[in-house]
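The values are calculated or read from the model by the stated rules, or taken from the named source; none is laboratory data. Not measured: the values here are computed from a predicted model. All Cβ positions, even for glycine, are placed from backbone atoms using ideal geometry, and neighbour counts span all protein chains on display.
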Amino acid sequence: MVFERGRLASTPIAKEIFVLILALPFCLCAIAQAQGEVGYADGTPFLHRLLDEANSWSDYSCLTEMHNIKPHSITVTHTKLIYKKGPQVRIEIQGGFRHGTVLARNAEGKCSGRGGFFLGGIPIKIEPNSNMLNLPSGYNALRADFPETYAEMKELVGKGYMCKYTPEPVEDSELGKKVVLLELYAPDRFMTEKVYLSPDEKHLPLRWDSLKEGRVKSKTWFRNMKINTGVKDQLFKL
């Protein structure tokens, strides 16, 4: 490259290089903006629609598979979750030494439990805010239904959290299908919740990840969801 008194020589090549140098910051900025968007949009109106839809259900049930993720181990718990507007919640643990254990909350907000086969079917008294109900995600097990968790997310957005989603479905390698992503970020910009939703108009949850300071604490899969089947109140009285 030729210099004349500290300036680039006015050759055609030098001029092209000079133009490229000037344009480089703008190109990098455009690339960064494109990568930052990744098809996301403000998720607050979408979250409100999900909450309204969940609140319209009279009841639902599904099978869950929760992975409690620790630095050196993963614990897997299988349950059947039954919800009825009230809210009333029943959780039946499936598999392991706690198989058959049931937790329930009735319409009056009273919580109770019953041990499974290996625990002798013993009745369990449970306070609504007992630590034994805390899930790895941080949610109370008997308040982890979709209407209540969506409502909590909405409340957090009102307190400064940021919500975003993908208006167009994106491919997910773990689920092996396209999904709509809903993500919640704390004011410190760490993601706290990531929800994988079906791409159809119902947008039913397929998986729910809870994170703390960027680390995934739990992953929960939802399968065999059934809505408005006429669940009886007696199920929530142990």
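Based on what the data block shows, is M225 hydrophobic (A, V, I, L, M, F, W, C) and surrounded by fewer than 18 Cβ atoms within 10 Å (Cβ to Cβ)?
yes
Would you please list the contacts, defined by Cβ atoms under 9 Å and residues six or more apart or on different chains, that run from a residue in the range 152-176 that is in contact (Cβ under 8 Å) with a residue 60 or more places away in the chain and closer than 13 Å to A41 by Cα to a residue that is surrounded by 10 or more Cβ atoms within 10 Å (Cβ to Cβ) and polar (S, T, N, Q)?
C163/T44; K164/T44
Restricting to the range 116-143, give me the number of residues that are out of contact with any strand residue (DSSP E or B) (no Cβ under 6 Å at 6 or more places or on another chain), touching a residue at least 40 places away in the same chain (Cβ under 8 Å) and assigned to a loop (DSSP other than H, G, I, E, B).
Selection size over the range 116-143: 3.
Just a yes or no: is a residue in the range 44-59 at pLDDT 95 or above, touching a Cys at 6+ places or on another chain (Cβ under 6 Å), of a type outside the set (D, E, K, R) and over 30 Å from K232 (Cβ atoms)?
yes
Using beta carbons and a limit of 8 Å, which pairs, at least six apart or on different chains, have the first residue in the range 225-238 and without any contact (Cβ under 8 Å) to a residue 24 or more places away in the chain and the second one surrounded by fewer than 14 Cβ atoms within 10 Å (Cβ to Cβ) and of a type in the set (D, E, K, R)?
Pairs that qualify, where the first residue is without any contact (Cβ under 8 Å) to a residue 24 or more places away in the chain and the partner is surrounded by fewer than 14 Cβ atoms within 10 Å (Cβ to Cβ) and of a type in the set (D, E, K, R): there are none.
Give the range 167-221 a look and list any residue that's charged (D, E, K, R) and under 15 Å from G39 (Cα atoms), or say none.
If the condition is that a residue be charged (D, E, K, R) and under 15 Å from G39 (Cα atoms), then E168, E171, D172, K178, E183 are the ones that fit.
Residue under question is R189, and the condition is that it be touching a Leu at 6+ places or on another chain (Cβ under 7 Å) and among the charged types (D, E, K, R); does it hold?
For R189, the condition - touching a Leu at 6+ places or on another chain (Cβ under 7 Å) and among the charged types (D, E, K, R) - is not met.
All but one of (1) assigned to a strand (DSSP E or B); (2) under 21 Å from the mean Cα position of the chain (by Cα); (3) not hydroxyl-bearing (S, T, Y) hold for W57; which doesn't?
Checking W57 against (1) assigned to a strand (DSSP E or B); (2) under 21 Å from the mean Cα position of the chain (by Cα); (3) not hydroxyl-bearing (S, T, Y), the one that fails is (1).
I need a count of the residues in the range 68-90 that are in a strand (DSSP E or B) and either more than 15 Å from N224 (Cβ to Cβ) or over 21 Å from the mean Cα position of the chain (by Cα) (or both).
Adding up the residues that qualify gives 12.
For the range 186-238, give me every one of the strands (runs of 3 or more DSSP E) that falls completely inside it and has 2 or more residues that are within 17 Å of E53 (Cα to Cα) and out of contact with any Phe, Trp or Tyr (no Cβ under 9 Å at 6 or more places or on another chain).
Answer list for the range 186-238: none.
Please verify whether H99 is of a type outside the set (F, W, Y) and assigned to a loop (DSSP other than H, G, I, E, B), treating the condition exactly as stated.
yes
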